[in-house]
């Protein structure tokens, strides 16, 4: 039997912003029809600059190609960068158009969409989720990160809509974090190098997981599932131990958190494999990942920005763990079709 | 009580790299301040009493500790805040655990991280350093001190390092970091002086992280509660390590040693491999570094044990210590007298036998030099029996 390949984080972008105009009211077309915005499409596609080089290679266009045994979750990455936008009203128009374009152009029998919602207007986003959930093209809801932490009640309208439609949440950095006002800061202070920023991106996932745990978000939404994509996963055991330790010390301060945070991580949080290249000498650390924890990790290629492949995954983690990640990915993408808790929870 | 070595037989020295002294009465700093600065501080908020009778970094409405920041049983029997009585610290902590050396990391200084006035910061730090040199160091030769400087005025800090750095008992420089990352060349005068005096730089949380507009912070937004913030505070340590490497600090100062206190260490395996991988993908991203980033970490950094992660299985405990080069990078620390003080015997028994001697004293001896074994005048490299 051929192994199924499940990519829970494949990026797709448009080549010309003009292609979004057909999905916008005329007045908004006029608003966006300006050189600085239209001309920025290549810069926006320069997802995260690892260097300050002056030349940017255009990102290849995404063309959906159904292939037996393969499934992809498409992230319209240009939508993520609204976390750095100043015009939050315009951002919603843009996201609406981008999602429409994505549904019409990037979805096929083997690819489904991560619907990008506005982090600035949860009520509007909840409405968007409800309106698109029935189309069958959406497998997850993608939230661009802002300084409002994911565990706060600010996000409840979005989570309510997701739970209502069995849609998991996925979040991914946009690349402007630690740089633009309005986007979340990175750890420390002002970073001198884009390399530092890229290295430290996983801290955003750490902080938001801690927020989800200590704010008790999964007590409000016990079936909610959240995938932190593109942040790697090696750091998770250390975070889980720290959170449990802090909870033991201070559980009287957060009486709404009834269990060690690690139990909720194992039930409600997912991580992804990219960048698998940072996985060195698994034998020196893989014993930190017990069977339950391994059930929470999925494969993502990060294409076209990254180049992780199933073959590389297998080379780094070994065929058994690699195969498990693919099966985990299938479980994640099937969450929307699952009424019960079987697919959500390993136990 | 004594700590067993690898052989499990002989007792060995134990160097505690994180003990916090406090000043019993803040007025004791008076003689160490000029009239001008005494007036300045007496009229300002710094002199006002707080729960600890001292200033502290955190605003009282932000990340209040749910209980108390110190162990209730560490309050001196003769009164005063926890950590304010050297004799009580000996009888309560050093003597029972056979601690050979306690590295004193003064915590009144941590409030200085929020000072806006660099001259006031320098005056306050100077007074505090001199007070501790005069009071704690002569009290018992098991005490050693990290004098404290901040980045407000690096030239002034460097002058203080040169002035006080050769004082017997002074073994390191505690550097308060504010908005500027530790890799900034702004700190070069401090690093230059530290290298010249053969003193390591010690970086400890100052309590202001995530609180002030000009302090460093964990990633994301503002955590809501003390426990949530404390879960992710280690990120600030990781960020500064990254910044120092990427900015080429160790190419500028090849002898510089950095002791990271209370930032944890079990995330190191992730940081080292991620730095190496992302740098290998694009070495031109930083023109400063010449070796794999993890090599700089192994060569220039040490990390203290407290708070040691609590594990649920022996497999997990063993895995935690598999960080590359960890046996040469780990130093014992207790964080006495804070609420989460790690019991020396409990912790040392959790350290794998193969690295126990390094963690107990050998790594500290390498980083701080023989002067860290002040209580044992001519400390040989190994085979020292017992503590006090």
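The values are calculated or read from the model by the stated rules, or taken from the named source; none is laboratory data. Keep in mind it's a predicted model, so treat the numbers as computed, not measured. Glycine also receives a Cβ, built like all others from the backbone with ideal geometry; neighbour counts cover every protein chain displayed.
Restricting A:214, A:228, A:250, A:218 to residues that are closer than 17 Å to residue A:149 by Cα, within 7 Å of chain B (Cβ to nearest Cβ) and in contact with a helix residue (DSSP H, G or I) (Cβ under 6 Å, 6 or more places away or on another chain) narrows the list to A:214.
Taken as a whole, segment A:310-317 holds no residue that is within 14 Å of chain B (Cβ to nearest Cβ), touching a helix residue (DSSP H, G or I) at 6+ places or on another chain (Cβ under 7 Å) and not in a helix (DSSP H, G or I).
If you go through segment B:287-307 and keep only what is facing chain A (nearest Cβ under 10 Å), surrounded by 19 or more Cβ atoms within 10 Å (Cβ to Cβ) and under 20 Å from residue A:191 (Cβ atoms), you end up with B:289, B:293, B:294. Somewhere in segment B:189-201, is a residue over 19 Å from the mean Cα position of the chain (by Cα), within 14 Å of chain A (Cβ to nearest Cβ) and crowded, with 17+ Cβ neighbours inside 10 Å? Scanning segment B:189-201 turns up no residue that is over 19 Å from the mean Cα position of the chain (by Cα), within 14 Å of chain A (Cβ to nearest Cβ) and crowded, with 17+ Cβ neighbours inside 10 Å. There is at least one residue in segment B:172-180 that is modelled with pLDDT under 95, surrounded by 22 or more Cβ atoms within 10 Å (Cβ to Cβ) and not in a strand (DSSP E or B). If you go through segment A:173-209 and pick out every residue that is facing chain B (nearest Cβ under 7 Å), without any contact (Cβ under 8 Å) to a residue 60 or more places away in the chain and in a helix (DSSP H, G or I), you end up with 7.
Within segment A:143-172, restricting attention to residues that are assigned to a helix (DSSP H, G or I), away from chain B (no Cβ under 14 Å) and out of contact with any helix residue (DSSP H, G or I) (no Cβ under 6 Å at 6 or more places or on another chain), which residue is farthest from residue A:205 (Cα to Cα)? So that I can check it myself, show each step before the final result.
Residues of segment A:143-172 assigned to a helix (DSSP H, G or I): A:153-164.
From what's left, away from chain B (no Cβ under 14 Å): A:156-164.
Pick out the ones that are also out of contact with any helix residue (DSSP H, G or I) (no Cβ under 6 Å at 6 or more places or on another chain) and you get A:156, A:159-160, A:162-164.
Working: A:156: 19, A:159: 17, A:160: 21, A:162: 20, A:163: 21, A:164: 24 Å.
If we take residues in segment A:143-172 being assigned to a helix (DSSP H, G or I), away from chain B (no Cβ under 14 Å) and out of contact with any helix residue (DSSP H, G or I) (no Cβ under 6 Å at 6 or more places or on another chain), then A:164 is farthest from residue A:205 (Cα to Cα).
Would you call residue A:140 more than 14 Å from chain B (Cβ to nearest Cβ) and either within 14 Å of the chain's Cα centre (by Cα) or assigned to a helix (DSSP H, G or I) (or both)? Criteria met by residue A:140. Within this structure, residue B:57 fails the test of being under 25 Å from residue B:19 (Cβ atoms) and modelled with pLDDT of 90 or more.
Residues checked against (1) modelled with pLDDT of 95 or more; (2) buried (at least 22 other Cβ atoms within 10 Å of the Cβ):
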residue	(1), (2)
A:46	no, no
A:73	yes, yes
A:84	no, no
A:101	yes, no
A:126	yes, no
A:138	yes, yes
A:142	yes, yes
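The single condition among (1) in a loop (DSSP other than H, G, I, E, B); (2) in contact with a strand residue (DSSP E or B) (Cβ under 7 Å, 6 or more places away or on another chain) that residue A:227 does not meet is (1).
Residues of segment B:308-323 that are touching a residue at least 24 places away in the same chain (Cβ under 8 Å), more than 7 Å from chain A (Cβ to nearest Cβ) and not in a helix (DSSP H, G or I): B:308, B:321, B:323. The set of residues from segment B:265-286 being more than 7 Å from chain A (Cβ to nearest Cβ), without any contact (Cβ under 8 Å) to a residue 40 or more places away in the chain and buried (at least 24 other Cβ atoms within 10 Å of the Cβ) comprises just one member, B:271.
For segment A:255-282, the set of residues classified as part of a helix (DSSP H, G or I), in contact (Cβ under 8 Å) with a residue 12 or more places away in the chain and more than 30 Å from residue A:303 (Cβ to Cβ) consists of A:261, A:262, A:264, listed by residue number.
Tell me, please, whether a residue that is within 14 Å of chain A (Cβ to nearest Cβ), within 26 Å of residue B:65 (Cα to Cα) and either at pLDDT 95 or above or crowded, with 18+ Cβ neighbours inside 10 Å (or both) can be found in segment B:324-338. Yes, there is a match, as at least one residue in segment B:324-338 is within 14 Å of chain A (Cβ to nearest Cβ), within 26 Å of residue B:65 (Cα to Cα) and either at pLDDT 95 or above or crowded, with 18+ Cβ neighbours inside 10 Å (or both).
Here the condition is being over 26 Å from residue B:95 (Cβ atoms) and at pLDDT below 95; of B:294, B:314, it holds for B:314 alone.
Considering B:156, B:166, the condition of being out of contact with any strand residue (DSSP E or B) (no Cβ under 6 Å at 6 or more places or on another chain), under 25 Å from residue B:374 (Cα atoms) and away from every other protein chain (no Cβ under 14 Å) is satisfied by B:166 alone.
Among the residues of segment B:218-257, the one identified as more than 11 Å from chain A (Cβ to nearest Cβ) and crowded, with 24+ Cβ neighbours inside 10 Å is B:250. Scanning segment B:82-105 for residues that are touching a strand residue (DSSP E or B) at 6+ places or on another chain (Cβ under 7 Å), in a loop (DSSP other than H, G, I, E, B) and surrounded by fewer than 23 Cβ atoms within 10 Å (Cβ to Cβ) turns up just one, B:98. Every test in (1) modelled with pLDDT under 95; (2) assigned to a helix (DSSP H, G or I); (3) out of contact with any helix residue (DSSP H, G or I) (no Cβ under 6 Å at 6 or more places or on another chain) is passed by residue B:124 save one, and that test is (3). Could you tell me whether any residue of segment B:351-361 is within 14 Å of chain A (Cβ to nearest Cβ) and either crowded, with 22+ Cβ neighbours inside 10 Å or out of contact with any helix residue (DSSP H, G or I) (no Cβ under 8 Å at 6 or more places or on another chain) (or both)? Looking through segment B:351-361, none of the residues is within 14 Å of chain A (Cβ to nearest Cβ) and either crowded, with 22+ Cβ neighbours inside 10 Å or out of contact with any helix residue (DSSP H, G or I) (no Cβ under 8 Å at 6 or more places or on another chain) (or both).
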